[in-house]
Amino acid sequence: MAKFELKLPKMGESVAEATVTNWLKNVGDKIEMDEAVLEIATDKVDSEVPSEVAGTLVEILFNTDDVVQVGQTIAIIETEGEGEVATQVEVAAPVAEVEKTIEVAKETVAVSEDYSGSDKFFSPLVKNIAKEEGISLQELENIEGSGKGGRVNKEDILKYIENRSEQPATVKESTVAPVSAPVVQKTTPVVQNQSVAPVTPVSVNGGDEIVEMDRMRKLISKYMVESVQTSAHVQSFIEVDVTNIVKWREKIKGSFEKREGEKLTFTPIFMEVVAKALKDFPGMNISIDGDFIIKKRNINLGMAAALPNGNLIVPVIKNADQLNLVGMAKAVNDLANRARNGKLKPDDTQGGTYTVTNVGTFGSVFGTPIINQPQVGILALGAIRKVPAVIETPEGDFIGIRQKMFLSHSYDHRVVDGALGGSFVKRVAEYLEAWDINREV
């Protein structure tokens with residue numbers, strides 16, 4: 001038998017870690033090649049980790065809610081055939097030669113003797129860190145956990161160690177205090193004998209349902225509040241006549257789908273125009289890092305997409321200005337389909353430089369979208385409606401039925417003034433209204 005180390009794969013240039021959200025296999029289960037073993041989550045997208053080999057899952061090195069770094073071993077799979085056991089799982093190997101975060105058998109045996117007296121659950125990783133840092137059982141039990149059910153995870157204990165190193169006198173006293181004495185910390189007060197289970201809110205009238213936010217909704221909530229607190233939001237609105245675009249799409253969409261195998265929606269048309277306007281106004285294609293402005297070389301357009309559960313995600317079309325309309329349609333449809341089916345990869349949501357959101361999908365005439373940090377602008381597309389409008393002709397003005405929509409541009413007033421923010425959205429409108437009804441694709 002040989003043993004294979006299943007590692008957390010690289011998931012994009014800017015993704016360094018992920019949280020284990022669910023193990024799909026248990027120890028002892030048979031695993032086929034490319035079969036999903038566990039589910040993970042980054043700060044923007046959920047994903048599965050498949051096995052690169054067929055075999056039997058013999059060890060799980062991280063628990064649910066543990067944070068894992070890219071490249072770390074997360075499980076051991078036993079495969080058929082002869083082979084040496086990897087260094088990380090050799091029982092006879094010295095502990096000093098084993099990486100802290102992926103110790104297996106020896107780690108579990110060594111720490112269980114020190115912390116077996118606790119009624120609380122601590123992962124092998126947390127126990128190992130506690131042992132090497134000289135944290136007593138009492139200290140470990142009094143660390144306030146942020147994981148599921150109040151469980152202490154890697155981030156909690158590392159944060160405690162950081163605070164502990166800054167106040168050695170307090171920690172030293174707490175390590176020898178009697179069990180009945182409260183442990184005093186400078187940062188977060190800890191109540192002795194507190195329950196591990198989180199306090200569940202209770203309906204006051206018995207008729208209301210109280211449901212905890214899911215992980216993604218909590219992240220969205222956090223990002224939205226941080227964005228409002230960070231950027232000085234201001235909006236510009238403009239009404240656009242898109243009659244020519246509506247007529248052109250109606251004329252071309254059938255042949256386009258037959259030839260390309262892709263539906264032609266309004267979204268790629270708008271994305272093409274926004275990318276073109278960003279080239280005209282590069283001051284909108286920037287981000288902010290403290291007191292510094294970063295001028296982006298590439299135009300990477302984020303497109304806000306609603307998920308089946310009602311949450312929102314923003315996949316990114318990379319180098320959007322380099323795509324023709326066919327390429328843009330394929331990119332839009334691919335990202336939208338994978339978003340709906342939960343198949344986006346972490347890198348699909350990274351690197352955006354400007355965002356477009358289609359509030360008209362839900363019938364909204366216009367909206368005031370919140371900026372996707374650290375970008376400085378976001379454009380909301382309102383619903384296309386038939387409205388009576390004044391039409392100017394050489395023979396005079398008259399009233400006619402036109403297809404119109406509103407564009408709502410939110411931008412960061414810290415670095416984007418009204419002249420730039422207004423000129424940009426006006427340029428988008430000009431490109432849309434000048435659409436060639438005889439354009440060939």
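The values are calculated or read from the model by the stated rules, or taken from the named source; none is laboratory data. From a predicted model like this one, the values you see are computed outputs, not experimental measurements. Ideal geometry is used to build each Cβ from the backbone, glycine not excepted, and the neighbour counts take in all protein chains shown.
For the stretch 371-410, filtering for residues that are over 42 Å from the mean Cα position of the chain (by Cα), at negative phi and of a type outside the set (A, V, I, L, M, F, W, C) leaves 7.
Candidates in the stretch 391-416 are the residues that are out of contact with any strand residue (DSSP E or B) (no Cβ under 9 Å at 6 or more places or on another chain) and not in a strand (DSSP E or B); of these, the one that is farthest from Ala275 (Cα to Cα) is Glu395.
In the stretch 229-253, what residues are surrounded by fewer than 15 Cβ atoms within 10 Å (Cβ to Cβ) and among the polar types (S, T, N, Q)? Across the stretch 229-253, the qualifying residues are Gln229, Thr230.
Using beta carbons and a limit of 8 Å, which pairs, at least six apart or on different chains, have the first residue in the stretch 400-423 and in contact (Cβ under 8 Å) with a residue 24 or more places away in the chain and β-branched (Val, Ile, Thr) and the second one surrounded by 22 or more Cβ atoms within 10 Å (Cβ to Cβ) and not in a helix (DSSP H, G or I)? Going by the 8 Å Cβ cut-off, the qualifying pairs are Val415/Val376; Val416/Val376; Val416/Gly377.
Given the structure, is Ala419 assigned by TED's automatic domain parsing to the domain that holds Val376 and either surrounded by fewer than 17 Cβ atoms within 10 Å (Cβ to Cβ) or part of a strand (DSSP E or B) (or both)? Considered against the rule, which asks whether it is assigned by TED's automatic domain parsing to the domain that holds Val376 and either surrounded by fewer than 17 Cβ atoms within 10 Å (Cβ to Cβ) or part of a strand (DSSP E or B) (or both), Ala419 comes out as yes.
Just checking, which of Ala2, Ala36, Ala16, Ala54 is surrounded by fewer than 16 Cβ atoms within 10 Å (Cβ to Cβ), over 21 Å from Gly342 (Cβ atoms), small (Gly, Ala, Ser) and within 21 Å of the chain's Cα centre (by Cα)? It would help to see each step written out before you state the result.
Values: Ala2 fails: within 21 Å of the chain's Cα centre (by Cα); Ala36 fails: over 21 Å from Gly342 (Cβ atoms); Ala54 fails: within 21 Å of the chain's Cα centre (by Cα).
Criteria check complete, one pass: Ala16.
Residue count for the stretch 329-345 satisfying the condition of being buried (at least 21 other Cβ atoms within 10 Å of the Cβ) and either touching a Gly at 6+ places or on another chain (Cβ under 9 Å) or at pLDDT 90 or above (or both): 4. Regarding the stretch 411-418, can at least one residue be identified that is under 28 Å from Glu250 (Cα atoms) and not acidic (Asp, Glu)? No, the conditions are met nowhere in the stretch 411-418.
The set of residues in the stretch 238-267 being farther than 25 Å from Ala389 by Cβ and over 33 Å from the mean Cα position of the chain (by Cα) consists of Gly254, Ser255, Phe256, Lys258, Arg259.
So that you can scan it fast, the table gives a plain yes or no per residue for (1) more than 18 Å from Leu323 (Cβ to Cβ); (2) exposed (fewer than 14 other Cβ atoms within 10 Å of the Cβ); (3) in the same structural domain as Gly360 (by TED's automatic domain parsing); (4) not hydrophobic (A, V, I, L, M, F, W, C):
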site: Lys222; (1), (2), (3), (4): yes, yes, yes, yes
site: Ser227; (1), (2), (3), (4): yes, no, yes, yes
site: Ser255; (1), (2), (3), (4): yes, yes, yes, yes
site: Glu262; (1), (2), (3), (4): no, no, yes, yes
site: Lys276; (1), (2), (3), (4): no, no, yes, yes
site: Lys295; (1), (2), (3), (4): yes, yes, yes, yes
site: Ile299; (1), (2), (3), (4): no, no, yes, no
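Against the list (1) at pLDDT below 75; (2) surrounded by 13 or more Cβ atoms within 10 Å (Cβ to Cβ); (3) closer than 26 Å to Leu61 by Cβ, the condition Tyr160 fails is (1).
Selection over the stretch 351-387 of residues that are in a loop (DSSP other than H, G, I, E, B), of a type in the set (Gly, Ala, Ser) and touching a helix residue (DSSP H, G or I) at 6+ places or on another chain (Cβ under 7 Å) gives a count of 3. Looking at (1) closer than 21 Å to Leu264 by Cβ; (2) assigned by TED's automatic domain parsing to the domain that holds Glu260, find the lone condition where Gly396 falls short. Exception for Gly396: condition (1). Only one of the numbered conditions (1) on the phi > 0 side of the Ramachandran plot; (2) buried (at least 17 other Cβ atoms within 10 Å of the Cβ) is violated by Gly290, and that is (2). Just one of the listed residues (Thr64, Thr56) is closer than 25 Å to Gly150 by Cα, in contact with a strand residue (DSSP E or B) (Cβ under 7 Å, 6 or more places away or on another chain) and touching a residue at least 24 places away in the same chain (Cβ under 8 Å), namely Thr64.
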